[in-house]
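What follows is one structure encoded as structure tokens, with my remarks underneath.
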Amino acid sequence: MAERDGGQPGRSDLELLRAHAAGDRDAFTELFQRHRDRLWAVALRTIGDREEAADALQDAMLSAHRAAARFRGDSAVTTWLHRIVVNACLDRIRRRQTHATVPLPDGVHTDGEPGRHTGGPEPAAPARDHDTALVVRQALAALPAEQRAALVLVDVQGYPVAEVAAMLGVAEGTVKSRCARGRARLAVLLGHLRTGADDPAGDVPRLTPGNRRRPEGVGSSSGASRQAVSQEEP
């Protein structure tokens, strides 16, 4: 059972979703606030652009808001929500793939705060320490959308492969394949960080095979949503 602030027992995710479907005007807001940090992290790291990620998250929550009555309960609510968010992100990524350039992921404003890249040339050689993470995000943004989504969920967010398979609506083997291919591409893209004289290997964030432990509140069954990412890679 979920708990509210102060340790008082609260409604579970499923109870909140069902209450929303029954007409409770506050239930969906409570559900979203409970999981918004992780949903936002997934959206931002999958798309790599704050404004696009915000739009994708809004689109996803509108879809979930409307589809709540059709949720069958054969997966955790969080699995269902994550799947809708990832699908919304991938839809946006595919729509912008016609552009010749890749937006600067999670860019910075002139005041140094995170935000959308406001224009001007990207630095040819980002400053050490300050921009190592930015270089990694740029490399992540260069991956195919499906590989990027799998890596974000497994390596960055720490979801087990089985959970990610449910979120993406694909087989576990497909998730493993996408992660392996994505890691191989990142190794090539980030190789200069490990071999450069000014950038010791210890400064490069370590890519892991994912957290084997299940994140709190996430189920293991396949969720009900669109099949936008159900195609397996060859």
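The values are calculated or read from the model by the stated rules, or taken from the named source; none is laboratory data. Bear in mind the structure is a predicted one, so any value in this text is a computation, not a measurement. All Cβ positions, even for glycine, are placed from backbone atoms using ideal geometry, and neighbour counts span all protein chains on display.
Structure values in brief
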{"read-out": "Helices (runs of 4 or more DSSP H) completely within the stretch 127-182 that count 3 or more residues being at pLDDT 90 or above and crowded, with 24+ Cβ neighbours inside 10 Å", "value": "145-151, 161-168"}
{"read-out": "One residue from Ala43, Ala69, Ala64, Ala60 being exposed (fewer than 14 other Cβ atoms within 10 Å of the Cβ) and outside any loop (DSSP other than H, G, I, E, B)", "value": "Ala69"}
{"read-out": "Residue within the stretch 94-107 that is touching a strand residue (DSSP E or B) at 6+ places or on another chain (Cβ under 9 Å), modelled with pLDDT under 95 and not in a helix (DSSP H, G or I) present", "value": "yes"}
